[in-house]
1. Which distances, in nm and shortest first, link the residue B:65 label point to the same label point in every other copy, taking 7 Å along Cα→Cβ?
2. Averaged over peptide A:145-152, how many Cβ atoms belonging to another chain are found within 10 Å of each residue's Cβ?
3. On average, how many beta carbons from a partner chain sit within 10 Å of the beta carbon of a residue in B:222-235?
4. Give me the summed buried accessible area for the A-B pair, 1.4 Å probe, to the nearest 100 Å².
5. Mind ordering A:235-247, A:180-192 by average Cβ neighbours within 10 Å, highest first?
6. Taking the label point as lying 7 angstrom from Cα along the Cα-to-Cβ axis, what are the distances from residue A:148 to the corresponding position in the remaining copies, in ascending order and in nanometres?
7. Assign unit charges at the C-beta atoms only (+1 for Lys and Arg, -1 for Asp and Glu), then state the dipole size of region A:130-260 relative to its Cα centre in Debye, rounded to the nearest 20.
8. Once you have the Cα-Cα distance between residue B:316 and residue B:178, take 0.36 nm times their residue separation minus that, and quote the gain in nm to one decimal.
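The values are calculated or read from the model by the stated rules, or taken from the named source; none is laboratory data. Since this is a predicted model, take the numbers as computed values, not measurements. Because the Cβ atoms are built from the backbone with ideal geometry, glycine has one as well, and the counts that use them run over all protein chains shown. Each accessible area value is taken on the protein alone, full model and side chains, heavy atoms only, with ligands, DNA and RNA left out. Shrake-Rupley method; radii C 1.70, N 1.55, O 1.52, S 1.80 Å.
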2 protein chains.
Amino acid sequence: MRREIQLLDSTLREGEQFAGAYFSAEQRRSIVSLLDAVGVPMIELPSPIASPDTRQAVEDLCALGTRAKLVAHVRCAEADVLAALETPVYGLNLFYGTSTELRSFSHGRRIEQIITDAVPLIKRVRAEGRYVRFSAEDAFRSDLIDLLTVFDAAVEAGAQRIGLPDTVGVATPREVERMIRLCAERYPGVGIEFHGHNDTGCAIANTVAALEGGADCLDVTVLGIGERNGIASLSGLLAQMYIHYPELLPSYDLTRLPLLDQYVAQSLNVAIPFNNPITAPGAFTHRAGIHTKAVLRNPRAYEILNPLDFGLVRSVDVGSRYTGRYAVG
Amino acid sequence: MRREIQLLDSTLREGEQFAGAYFSAEQRRSIVSLLDAVGVPMIELPSPIASPDTRQAVEDLCALGTRAKLVAHVRCAEADVLAALETPVYGLNLFYGTSTELRSFSHGRRIEQIITDAVPLIKRVRAEGRYVRFSAEDAFRSDLIDLLTVFDAAVEAGAQRIGLPDTVGVATPREVERMIRLCAERYPGVGIEFHGHNDTGCAIANTVAALEGGADCLDVTVLGIGERNGIASLSGLLAQMYIHYPELLPSYDLTRLPLLDQYVAQSLNVAIPFNNPITAPGAFTHRAGIHTKAVLRNPRAYEILNPLDFGLVRSVDVGSRYTGRYAVG
Ligand SMILES: O=C(O)CCC(=O)C(=O)O
Ligand SMILES: O=C(O)CCC(=O)C(=O)O
Ligand SMILES: [Cu+2]
Ligand SMILES: [Cu+2]
């Protein structure tokens with residue numbers, strides 16, 4: 001790992017696109033503070049132009065004075081960029097759909113038009129001294145020439161990072177790694193961001209593949225909430241880093257993760273999904289007889305994550321029909 | 001894809017190791033029937049020696065006369081194998097821990113002893129004319145020499161398939177693919193099975209990696225329930241096959257999947273996790289303004305799975321603060 005790897009949490013932007021999510025002003029502040037306590041270095045907020053309420057929220061959250069850098073997620077439209085620049089955000093995450101599907105059914109613009117729209121806005125943000133990332137929405141269904149043509153122009157205009165979102169959750173880990181590596185090699189002077197949707201259940205694996213391909217910024221949300229069935233979860237990425245990239249962990253306080261996950265679940269009025277890494281209710285529950293017997297001798301038998309490192313405890317379930325005299329499962 | 005790929009559902013075995021799972025006799029029958037209706041070709045049941053109730057359940061489920069083949073999951077112990085052979089199961093899925101962790105903290109046996117225990121039992125099952133698979137529990141933390149020494153003996157003894165479970169959820173897609181390929185090349189005459197836990201959130205990606213490495217049998221459970229935070233989900237694998245391996249789908253009736261997922265969730269008294277592919281409540285809900293606008297023009301803009309193929313409908317959420325006049329998210 002040469003580059004510094006940053007997680008970007010988008011719970012308040014992507015996460016609010018989750019069916020049923022609506023955070024109050026107080027909840028937004030608590031979520032940002034809890035993310036900051038965990039040690040997430042970047043937090044993405046919705047576009048200030050969305051509504052007066054959103055703009056106020058962005059101002060308020062910036063006033064919290066977090067260690068985390070707050071960025072606004074903003075369309076490549078002049079009014080949107082100007083509205084964001086009126087707030088004290090650290091920077092802007094610009095995006096523009098580059099796939100045939102989005103060009104046809106979403107904004108209807110051609111590649112040349114995308115460049116004509118984006119370039120002056122990127123320059124404008126840089127001229128204001130703010131951070132700017134440019135992302136090609138639906139990158140993994142975009143033609144490679146289109147994608148690179150747009151990225152070439154964005155980097156030339158001064159974008160400090162380019163983003164490759166798998167907007168519809170269609171990519172495989174292998175494709176993600178290859179495409180990220182290709183961009184990391186072509187654009188050595190800028191950062192590379194990845195954002196992976198979970199439609200085919202591979203958001204976490206794809207995000208780790210991006211890290212391996214050379215990405216330096218990985219998008220997550222708390223519990224993985226987002227459009228449709230969401231994106232990679234913060235707890236999933238932390239579990240991966242714990243096992244495979246422990247050198248990335250020192251800047252995180254893992255013991256703060258359970259409270260964050262619980263807080264967001266409560267705010268959404270849902271349970272933490274039982275398949276969630278680390279903070280699922282049963283993530284450290286051992287049940288089959290041969291599991292419980294071994295875990296009582298040494299938890300490492302059936303545990304690769306130590307619950308204590310996350311401020312949690314294991315539970316050895318000896319009341320089920322899988323334990324006791326006939327314990328054979 | 002040269003070989004035929006089979007999904008093996010282990011909801012009634014691995015799934016019952018899930019904290020809180022306890023299926024009634026009627027629920028077990030319904031789950032097996034629903035799995036059969038979906039078209040899952042193999043179903044794993046718990047070991048008949050576990051209790052008189054389990055033995056009766058295995059008998060009853062065999063009596064359903066499903067198209068799916070029913071196999072019992074059985075320790076390499078003579079009494080356990082004999083009890084399973086007294087039931088009319090199609091075959092036995094034997095397993096034995098081969099990692100240092102399991103040899104030290106679970107059964108305490110050395111590699112030679114594992115072979116001495118397993119070989120006569122494999123031969124015994126074959127002599128009865130039943131199918132036999134031999135699995136090296138915790139394969140991905142096992143020393144390669146130990147693992148291959150045990151597999152060599154199992155294959156020599158007549159095992160028709162070998163299993164590589166990632167028992168603690170530590171493997172990466174790349175490792176899984178490499179290890180499965182190595183075994184597929186070393187044991188060309190037998191099938192290869194993979195079983196992936198989700199502790200680091202990669203169960204589905206690892207299972208797809210196994211398929212790509214040459215596995216011909218992939219373990220899943222309904223909703224991914226299992227020990228700790230579970231294994232790969234049936235819906236996750238079907239979503240993957242739908243996108244990346246459509247040639248494997250004709251033997252499945254995808255429209256039966258939602259009922260199966262709902263039935264199991266209800267039986268467990270939990271909600272379908274919102275991150276579950278296909279059947280999560282919001283899996284086909286579109287919310288951000290630019291998403292809803294485009295999806296109303298053409299759903300392919302933000303959908304790679306067609307909900308109609310699963311007997312489901314999409315929902316375009318136009319009531320949220322992300323839509324309407326200021327829709328910019
Ligand atoms: O701006 C981005 O990179 C991501 C936008 C988004 O949520 C997506 O494409 O899924
Ligand atoms: O028998 C097998 O292959 C799998 C056993 C099991 O559930 C595991 O190792 O996680
Ligand atoms: Cu997204
Ligand atoms: Cu298992």
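1. Inter-copy label distances (nm, one decimal, shortest first): 7.7.
2. Working: counts 0, 0, 0, 0, 0, 0, 0, 0.
What the average comes to for A:145-152 is 0.
3. Working: counts 0, 3, 4, 3, 5, 10, 15, 16, 7, 1, 2, 2, 0, 3.
Going residue by residue through B:222-235 and averaging, the value is 5.
4. Details: alone 14950 and 14970 Å², together 22750 Å².
Separately minus together, A and B give about 7200 Å² buried.
5. Details: A:235-247: 20.9, A:180-192: 17.2.
For the peptides A:235-247, A:180-192, the packing ranking is A:235-247, A:180-192.
6. Label point to label point, same position, other copies: 4.0 nm.
7. Values: 10 positive and 18 negative charges, 50 e Å.
Using Cβ point charges on Lys, Arg, Asp and Glu, region A:130-260 gives about 240 debye.
8. On the way: separation 138, 0.36 × 138 = 49.68 nm, distance 4.20 nm.
Length gained between residue B:316 and residue B:178: 45.5 nm.
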